[in-house]
There are 2 protein chains.
Amino acid sequence: MPRTAPSPDAADTSLRQQVYASLREALTMGRFAPGQKVTFRYVAGVLGVSLTPVREALRRLVAEGAFEMNPNRSVRVPLMTRDKVLELRDIRIELEGLASAKAATAATRGQIADIRRAAREIMVARTRGDSATDRQKVREFHFAVYAAAGQPTLLRLIESLWLQTGPYMNLLYPGFISSSRGPAGRQRLIEALQARNPSVARREMADDIRRALSYVADLADENGNIAPAAPATVTRGHRPRAGAAAFDLHAN
Amino acid sequence: MPRTAPSPDAADTSLRQQVYASLREALTMGRFAPGQKVTFRYVAGVLGVSLTPVREALRRLVAEGAFEMNPNRSVRVPLMTRDKVLELRDIRIELEGLASAKAATAATRGQIADIRRAAREIMVARTRGDSATDRQKVREFHFAVYAAAGQPTLLRLIESLWLQTGPYMNLLYPGFISSSRGPAGRQRLIEALQARNPSVARREMADDIRRALSYVADLADENGNIAPAAPATVTRGHRPRAGAAAFDLHAN
DNA sequence: AATGCATTTTTGTGATCACAAATCCCGGTA
DNA sequence: TACCGGGATTTGTGATCACAAAAATGCATT
């Protein structure tokens, strides 16, 4: 079965870890509106825990760049700019390219099978027009490759980068996806992995990332700001009712 | 004057931030012995604060990989292995190479002057045999380059990587330094920055990192473990006396 | 002298409280 | 109607407490 779990966070049953996972999940799934203010007590109320674990989880996410904190202490989902997307693009090209190259050397037969399966599932979702599953499977495909590299530190860094770009990847649908060249790139990547060809694997992954994030960067307005994709089921109102949970603890 | 300060952590006067800075400083300066256990109450006692800010600071450092936490909850300074050094080497080559390339495009005259000055100060310290100042200036040189790239996210990632390799960079002295090719590489890097030549800047930086970390990796024993450099003034004993502070709050 | 077991101590976790700074809200003035 | 200003409220921070799990300690047995 495909593995999505982060490096050594498994088997950590602390509340802090659960809060962290919930917030991460909510961010990845675009359940927070960029710019939205997130208060400690709000999160604590929704998840039904005290402030202590929420503080630690949120603070870690701030350190990872998934949230940002104003000098006048208020945590919010970062707004994206063209420059930030381009910076993240270039970093991701390096790191995910490196991981793909390593995967070409290290991937086991089983891992390549996992990767191939994810690629198939992307196509299934895409022919059905199911963009939610599409996104999920794209993520699984990428991380199956990175997991095959067998580099835990590298994997952790890539995860933190995905956390930052994640909320904006909805912007790829449907425009970019339909205009993209389809499964050819992924197919070439898989073949490079199987042929143990690191430089081709790196190039294919780099091209994929470059095209996607360049597309997002081009969505910026004249001020360089990028409008967030419509967030799923999140009211922009100040005081969300308790019970109307935008995320929950038992997600993971 | 040269800037060493991290991205937006300035102007944060919270205790948590001070504890974080203290621990970071102590790690960078090699004041913790790798493998050493670090308890929350010990840190709180030495720094004279409550557990709350210590927890958040330590937990952030664990998330950044600067400390590691056993499943049976105990925080310790990570032990280094050859594989880990090689992984960090390859990641650093990518990211610091990227930063150097960007710096070649973006560096201002003033920034190049800062870089040049740091390079000079390295040579001064080196001719005096002052390896402590040497290390400090090498750090300033590198981060002067990375700051010139003007990429805040990239800078943050590189800082977290230095935090992980930092405690082991003492191992470069005196063997590696005396056998290295001296200031020639740094000189070529500076010239590449001035000539606005990204690919040469990247290559020079990459070569520098590759040589240094390959040297460290070769110090591993037959089990792949790397013996830590002698830590400065840290007793390995279990229960350090209060008052015998291995680090302090007013470092920054 | 070495080993197994029960008790004591240590240690991380989560909840709660107090406080000060930031923010919000609302009425009054120009 | 737009713009302030001062009080009420919200909100992050740090300290303290209680608790359970882990580790350390001491003692009896072989």
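Across segment B:48-91, the qualifying residues are those that are away from chain A (no Cβ under 14 Å) and within 9 Å of DNA strand D (Cβ to nearest atom), and the one among them that is least open to solvent (accessible area, probe 1.4 Å) is B:Val49. Can you find a residue that is modelled with pLDDT under 95, within 12 Å of DNA strand D (Cβ to nearest atom) and surrounded by 14 or more Cβ atoms within 10 Å (Cβ to Cβ) anywhere in segment A:1-13? Scanning segment A:1-13, I find at least one residue that is modelled with pLDDT under 95, within 12 Å of DNA strand D (Cβ to nearest atom) and surrounded by 14 or more Cβ atoms within 10 Å (Cβ to Cβ), so the answer is yes. Here A:Thr28 clears all of (1) at pLDDT below 95; (2) farther than 19 Å from A:Ile158 by Cβ except the condition numbered (2).
Annotation: of all residues in segment B:143-168 being open to solvent by less than 30 Å² (accessible area, probe 1.4 Å) and free of Cβ contacts under 8 Å to residues at least 60 places away in the same chain, the one that is nearest to A:Thr81 (Cα to Cα) is B:Thr153. Scan segment B:101-108 and tell me whether some residue there is more than 10 Å from chain A (Cβ to nearest Cβ), surrounded by fewer than 17 Cβ atoms within 10 Å (Cβ to Cβ) and part of a helix (DSSP H, G or I). Yes, segment B:101-108 contains at least one residue that is more than 10 Å from chain A (Cβ to nearest Cβ), surrounded by fewer than 17 Cβ atoms within 10 Å (Cβ to Cβ) and part of a helix (DSSP H, G or I). Please find, within segment B:28-43, the residue that is farthest from DNA strand D (Cβ to nearest atom) out of those that are open to solvent by 10 Å² or more (accessible area, probe 1.4 Å) and in a helix (DSSP H, G or I). The qualifying residue farthest from DNA strand D (Cβ to nearest atom) is B:Thr28.
The values are calculated or read from the model by the stated rules, or taken from the named source; none is laboratory data. Predicted, not measured: the structure shown is a model, and the values here were computed from it. Ideal geometry is used to build each Cβ from the backbone, glycine not excepted, and the neighbour counts take in all protein chains shown. Heavy atoms of the whole protein, side chains included, go into the accessibility calculation; ligands, DNA and RNA do not. Shrake-Rupley method; radii C 1.70, N 1.55, O 1.52, S 1.80 Å.
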